[in-house]
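One structure is given below, encoded as structure tokens.
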Amino acid sequence: RDTPLHRPLYMKNTNVRVSLPAVCFVWQIAMIVLFGVFIRYNPESDAHWVEHMRTENISSDIENDFYYRYPSFQDVHVMIFVGFGFLMTFLKRYSFGGVGFNFLIASFGLQWALLMQGWFHFLDHSTGKIYIGVENLINADFCCAGSLIAYGALLGKVSPVQLMVVTLFGVTLFAVEEYIILHLLHCRDAGGSMVIHAFGGYYGLAISWVLYRPNLHLSKRLNGSVYHSDVFAMIGTLFLWMFWPSFNSAITDHGDGQHRAAINTYLALASTVLTTVAISSMSQKKGKLDMVHIQNATLAGGVAMGTAAEFMISPYGSLIVGFCTGIISTFGYLFVTPFLENKLKLQDTCGVHNLHAVPGMLGGFIGAIVAAAASEEVYSREGLIDVFDFEGKHANRTVGTQGGYQAAGTCVAIAFGLVGGAIVGFILKFPIWGDPADDNCYDDEVYWEVPEDEETIPPVLEYNNHMIHKHQDM
Amino acid sequence: RDTPLHRPLYMKNTNVRVSLPAVCFVWQIAMIVLFGVFIRYNPESDAHWVEHMRTENISSDIENDFYYRYPSFQDVHVMIFVGFGFLMTFLKRYSFGGVGFNFLIASFGLQWALLMQGWFHFLDHSTGKIYIGVENLINADFCCAGSLIAYGALLGKVSPVQLMVVTLFGVTLFAVEEYIILHLLHCRDAGGSMVIHAFGGYYGLAISWVLYRPNLHLSKRLNGSVYHSDVFAMIGTLFLWMFWPSFNSAITDHGDGQHRAAINTYLALASTVLTTVAISSMSQKKGKLDMVHIQNATLAGGVAMGTAAEFMISPYGSLIVGFCTGIISTFGYLFVTPFLENKLKLQDTCGVHNLHAVPGMLGGFIGAIVAAAASEEVYSREGLIDVFDFEGKHANRTVGTQGGYQAAGTCVAIAFGLVGGAIVGFILKFPIWGDPADDNCYDDEVYWEVPEDEETIPPVLEYNNHMIHKHQDM
Amino acid sequence: RDTPLHRPLYMKNTNVRVSLPAVCFVWQIAMIVLFGVFIRYNPESDAHWVEHMRTENISSDIENDFYYRYPSFQDVHVMIFVGFGFLMTFLKRYSFGGVGFNFLIASFGLQWALLMQGWFHFLDHSTGKIYIGVENLINADFCCAGSLIAYGALLGKVSPVQLMVVTLFGVTLFAVEEYIILHLLHCRDAGGSMVIHAFGGYYGLAISWVLYRPNLHLSKRLNGSVYHSDVFAMIGTLFLWMFWPSFNSAITDHGDGQHRAAINTYLALASTVLTTVAISSMSQKKGKLDMVHIQNATLAGGVAMGTAAEFMISPYGSLIVGFCTGIISTFGYLFVTPFLENKLKLQDTCGVHNLHAVPGMLGGFIGAIVAAAASEEVYSREGLIDVFDFEGKHANRTVGTQGGYQAAGTCVAIAFGLVGGAIVGFILKFPIWGDPADDNCYDDEVYWEVPEDEETIPPVLEYNNHMIHKHQDM
């Protein structure tokens, strides 16, 4: 497919042979240096653990946080690499880029996130070090998710170097907004409706809006799926869907917090599937289902429970959240994405608007409402303090006030996404990043060695004869 | 592929645009209402947990059942959605329906199961509420499995609305037979050889028998795999195979019970693979292996260990069970499925007869034998009481009696499957469900928007020229 | 594709209809007998557990090793069956063989490993029994990995019977070298850089070298990927990559040992991805990435951390290890594999030289250096004893000595691989194993019933007419 016939009309230099290795090497070396200066094991992963157990009066190795959180961490890890990665393989000729660049930027992002989140949340000011354990790994994976969501809006239209830039700034912005929302505003957001999904969604949309491509229709032939690429994408969908209870419960409080967050998310997601199917079927003359909806909108319930999952939203409350977000998300794919593209000049390849931005925003406000409606009767006095962390200088905060702060936090996340995304978008407009031309998008040929097509497997004998003649010629 | 040339010969109305959304919406709303009335968090997932710890003298959060069972739950969850789902992608043009409808009906089924199993097993009669935790989620997933197994027999021949009906009744029947077997007969069946596999298998077979399609050969061109759909199916096979130890141990007793069930299942499955390969190779003139056997019969050992896995069957006993069931299941695919289709008018797409019905039945009887052979010497007095729950009104039951009840339980499961399936089959014969015609089966075109074929990707320049002319015309 | 046109030039008898079933049956029966004689449940999986808890003063079921290790076990299990299996589906027409034979030999290998490792490490000399629990299952999976790595070098060129032989000897050799390295030399090697990767890699290379095929270029048309087979292989890559932290931590010490090993591996792997991408991009004129590198070299950091992961290598040390091995492994794919093939007559299908042999060897030496550099200051006195097991007759060993032994252990592993592999290679040269001819390699047609190609799906009506005529003819 590299014959003159297939040359793009608008030539752009997509050669990343200098820029991509340079970015990878320089940034990775920077990571090593910064890790050397700042990152150390925390008491639970340090060889001094046995001493630590004695001084802290910990009775058993099983009390090491590793055993509370490692299974959830691995589920989250699968969501980041297989979930997001395979969800983005749905395009007929961009599966390598979908899963491969996701792999690259998440691998960079999690290192940078350990540093950024470390500086903001885990820095020991007496030693100047960041002490890490399994909870930090989960948070780093979470932090990457913001940038991977943004990638969903940009899929097929950017170069890997641009994606590295998106991730560098995405992780940085994430750490700042997370600090403001969780520490300054003292919000709760265990599964990240606000800090991950609303932020990541609007971040990606703002970038994509700035990078609007007026002639993108010239790549339309590749902007779609084939049968097997849709099945590959279902791998991503299902691993995201199945492990979302782990995502929303991974860093909640030990005990009932993790337990309840998992149950609520499980229920919301189940409910979402039914309403997604219903709306998808209704939207087509013959009642046929659209794979785009099944692959994406079925996940909206997990996004929308990101804040409220650890609260006492009650099982039927979770079902209601899933019910509504399935409908809203599917409608988004049917009507809002085309509207955004045609009227607002916003090209959103994976529809992150409908899967992350809006459900994330809703999740933030749902969290605010559920927080404001909390009562000692439902939570018990101790439970209320535990769940909302009403301790220290926040000991006297009322649930109503908490609800207000939760709502404010949602707005902060959106603002960071929009403003940060716009700025990053402008940076990405410099003509140095190796992005493809408008008629050359959604094509793995640009950045990957793509194998020949299957049809070209020649029959054995013919080929052998050919080889034999060749040998004789030699 | 929607040209007149491809119109099915026998037209049937497969439009589900009203019925599918109606079923999804109405049933989901019913779930919300019933959850609102009945379902609450149990003490381990409720915010009162800290108080509960104090009153129950629980020393640490790690004693929350979440940490005993959540990793197993997630493995089971993967089996239900990726395992069953991808196992059913093997057909060349029904992969969307295989994985997609599995997703839909499991999402409904688990909600209905929480209610049905709750009413029968977990209802607190003083408050009229069902209190749920992670064990209920596992049980709900288990309960879905029965209906998903039935789907295997019906794959490609029914509409999604019919599948919802299959699941509604399947879960209901499951809850009743489970109540009879586990509570009234006081059987042990941790991995569900009886209540899940024997029931689900015969339930699906009975439905399929009632729905016999005399002209199904007209769809024969699509009743088979292509190369890559077979590889997709191996994803399902492997996740089922790998996580089956978690399936059989997920709800067994804490400690040795879970530990032993996992070991036994692991061994039985390993053994099954070797005998499956042996029989598959022997059955073909040149010793070639058949993917159908590798995808399915390799799992029979897990099914057959569903009851006995938690017993002291001993490691070599597990190997023997796997050895025999691998042989039996592969013979089933070679001889019994064709026999059923040709002589008994029973069309079983995935061969659930060989993978679930017969191994499940065998598993029930193996469990009966192993139970009857139990002794205080092997189990210890306490171990015997723990494993078989010889407490309360069953304190004086002998192992021989227990064996008898186990065998009776197997028969109950089969009876429920056959009778229930026959009734549901007749319900599904009403001409209102939108099922496909005999010459239109195994085809995703009927219920899905299917993308164009890969071959139709036009070359770039040609396409661009075309687009440019189109633009000039506009 | 079985027409005369496609007949291989050099006919070889690839019929395994007798040999494959015979090997499977006889060996499986041998397993049953040996398990009957030797294998029993250990106290944590035996029904006497409650008594054991009392006598050992264990306070809770959660202290059962099952809860410390089962989640890691399942991750390792996924790596063995889905990770290795799907990584080997990358060839365009050998995906069945890649994932299917991997399934077969791992299922046999883990049984044989339980026995072999049991005899060497877990035999209770007073009773003559091997008592197994979850740690044995992990070790058995590890032991299989050695042979699966060897399969990578042989992929597409051997018969399933030969693979069974490779596994039989591979597991045997593994158990012996492991005994020497871990017990006699008292090395630490939690993730098996030495005992698994260096051994397995050189074992496979030596076999492949002995089995050199001078006319393998005649199969060149099938020695490559197609688009979707590369995406399938990414499933394998990602599950290996994600779960490698579990692999390296699965059998390390409870508490900080598992925790630290997971963190170190996670970091090394992230770093490897960036340098792999950098070198891959640099190696091609236009900076395009090669899927072979992304699929394989990204994993080298996990291999190289197999020994040092549980040590206090420090987070930035892990990043450095990943950084270097990503570069080395990608260079291996670019230059060493072609060199080995052309100059050394060593055909290495998957490049196990670059992914396992060299990174494993490096991992062994890295472990030696890190061990030699250990200090009481960093580890604490107790920590040093715990991590390096300086107890009993090794109580007085210095870290310097330990480093020397670690280096010696690496050499033992390589020697066992090379010598053992050469011997096994000669055994496999006997003309009785049913291996394919040089112009018939990398082809599933040889050992599998392969479905017709997708293109041959006939249109509906045409086919139906045909069927109707056929019926009328009958």
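The values are calculated or read from the model by the stated rules, or taken from the named source; none is laboratory data. What you are looking at is a predicted structure, and each value in this text was computed from that prediction instead of being measured. Using ideal geometry, Cβ is built from the backbone for each residue, glycine included, and neighbour counts are taken over all protein chains shown.
What pairs come up if the first residue lies in region A:263-283 and is touching a residue at least 60 places away in the same chain (Cβ under 8 Å) and more than 10 Å from B:L104 (Cβ to Cβ), the second is assigned to a helix (DSSP H, G or I) and not aromatic (F, W, Y), and their beta carbons are under 8 Å apart, counting only those six or more places apart or on different chains?
Sorted first by the residue in region A:263-283, then by its partner, the pairs are A:T265/A:P245; A:T265/A:N248; A:T265/A:S249; A:T265/A:G301; A:T265/A:G302; A:T265/A:A309; A:T265/A:S318.
Residue under question is A:T337, and the condition is that it be hydroxyl-bearing (S, T, Y), more than 9 Å from chain B (Cβ to nearest Cβ) and surrounded by fewer than 24 Cβ atoms within 10 Å (Cβ to Cβ); does it hold? Steps first, answer last, please.
Numbers: hydroxyl-bearing (S, T, Y): yes; more than 9 Å from chain B (Cβ to nearest Cβ): yes; surrounded by fewer than 24 Cβ atoms within 10 Å (Cβ to Cβ): yes.
Yes; evaluated as a whole, the condition is true for this residue.
Give me the residue from region A:386-403 that is of a type in the set (G, A, S) and more than 12 Å from A:C187 (Cα to Cα) and, out of that set, surrounded by the fewest Cβ atoms within 10 Å (Cβ to Cβ). Walk me through it before giving the result.
Within region A:386-403, the first condition is being of a type in the set (G, A, S), and the residues that meet it are A:392, A:395, A:400, A:403.
Keeping just the survivors that are more than 12 Å from A:C187 (Cα to Cα) gives A:392, A:395, A:400.
Values: A:G392: 7, A:A395: 9, A:G400: 12.
Out of the qualifying residues, it is A:G392.
For every residue, the table says whether it meets (1) among the β-branched types (V, I, T); (2) crowded, with 23+ Cβ neighbours inside 10 Å; (3) facing another protein chain (nearest Cβ under 7 Å).
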{"site": "C:Y212", "(1), (2), (3)": "no, no, no"}
{"site": "C:G224", "(1), (2), (3)": "no, no, yes"}
{"site": "C:V231", "(1), (2), (3)": "yes, yes, yes"}
{"site": "C:L240", "(1), (2), (3)": "no, yes, no"}
{"site": "C:S249", "(1), (2), (3)": "no, yes, no"}
{"site": "C:R260", "(1), (2), (3)": "no, yes, yes"}
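Specify the residue that is nearest to B:E63 (Cα to Cα); the eligible residues are those in region B:115-133 that are touching a strand residue (DSSP E or B) at 6+ places or on another chain (Cβ under 9 Å) and in a loop (DSSP other than H, G, I, E, B).
B:G133
Between residues in region A:59-78 that are over 16 Å from C:M242 (Cα atoms) and at the interface with chain C (Cβ under 7 Å from one of its Cβ atoms) and residues that are in a loop (DSSP other than H, G, I, E, B) and modelled with pLDDT of 95 or more, which pairs lie under 7 Å by C-beta distance while being six or more apart or on different chains?
Hits for this filter: A:D61/C:H254; A:D61/C:G255; A:N64/A:E44; A:N64/C:G255; A:F66/A:E44.
In region A:268-283, what count of residues is obtained for those that are within 7 Å of chain B (Cβ to nearest Cβ) and under 14 Å from B:N15 (Cβ atoms)?
Counting residues in region A:268-283 that are within 7 Å of chain B (Cβ to nearest Cβ) and under 14 Å from B:N15 (Cβ atoms) gives 2.
Which of the residues belonging to region A:375-394 are in a loop (DSSP other than H, G, I, E, B) and within 21 Å of A:I180 (Cβ to Cβ)? Show your work before the answer.
Step one: list which residues in region A:375-394 are in a loop (DSSP other than H, G, I, E, B), which gives A:375, A:380, A:389-391.
Once the filter is applied, which keeps residues that are in a loop (DSSP other than H, G, I, E, B) and within 21 Å of A:I180 (Cβ to Cβ), region A:375-394 yields A:D389, A:F390, A:E391.
Can you work out which of the residues in region A:32-54 that are more than 7 Å from chain C (Cβ to nearest Cβ) and free of Cβ contacts under 8 Å to residues at least 12 places away in the same chain is farthest from C:S380 (Cα to Cα)?
A:V33
Yes or no: C:K12 farther than 27 Å from C:I432 by Cα and either touching a Cys at 6+ places or on another chain (Cβ under 6 Å) or basic (K, R) (or both)?
Values: farther than 27 Å from C:I432 by Cα: no; either touching a Cys at 6+ places or on another chain (Cβ under 6 Å) or basic (K, R) (or both): yes.
For C:K12, the condition - farther than 27 Å from C:I432 by Cα and either touching a Cys at 6+ places or on another chain (Cβ under 6 Å) or basic (K, R) (or both) - is not met.
Scan (1) closer than 23 Å to C:L154 by Cβ; (2) of a type outside the set (G, A, S); (3) within 7 Å of chain B (Cβ to nearest Cβ) for the single condition C:Y94 breaks and write down its number.
Only one criterion in (1) closer than 23 Å to C:L154 by Cβ; (2) of a type outside the set (G, A, S); (3) within 7 Å of chain B (Cβ to nearest Cβ) is unmet by C:Y94, namely (3).
Would you mind finding the one in B:G364, B:G404 that is within 24 Å of the chain's Cα centre (by Cα), farther than 30 Å from B:K12 by Cα, at pLDDT 95 or above and not in a loop (DSSP other than H, G, I, E, B)?
Details: B:G404 fails: within 24 Å of the chain's Cα centre (by Cα).
Sole residue among the options that is within 24 Å of the chain's Cα centre (by Cα), farther than 30 Å from B:K12 by Cα, at pLDDT 95 or above and not in a loop (DSSP other than H, G, I, E, B): B:G364.
Only one of C:T337, C:T410, C:T401 is in contact (Cβ under 8 Å) with a residue 60 or more places away in the chain and hydroxyl-bearing (S, T, Y); which? Even if it seems obvious, please write down each step before you answer.
Details: C:T337 fails: in contact (Cβ under 8 Å) with a residue 60 or more places away in the chain; C:T401 fails: in contact (Cβ under 8 Å) with a residue 60 or more places away in the chain.
So the residue among C:T337, C:T410, C:T401 that is in contact (Cβ under 8 Å) with a residue 60 or more places away in the chain and hydroxyl-bearing (S, T, Y) is C:T410.
Write out, first by first residue and then by second, each pair whose Cβ atoms fall under 9 Å of each other, whose residues are 6+ apart or on separate chains, and whose first residue, in region C:9-29, is facing another protein chain (nearest Cβ under 8 Å) while the second is of a type in the set (D, E).
C:L9/C:D438; C:L9/C:D439; C:T14/C:D435
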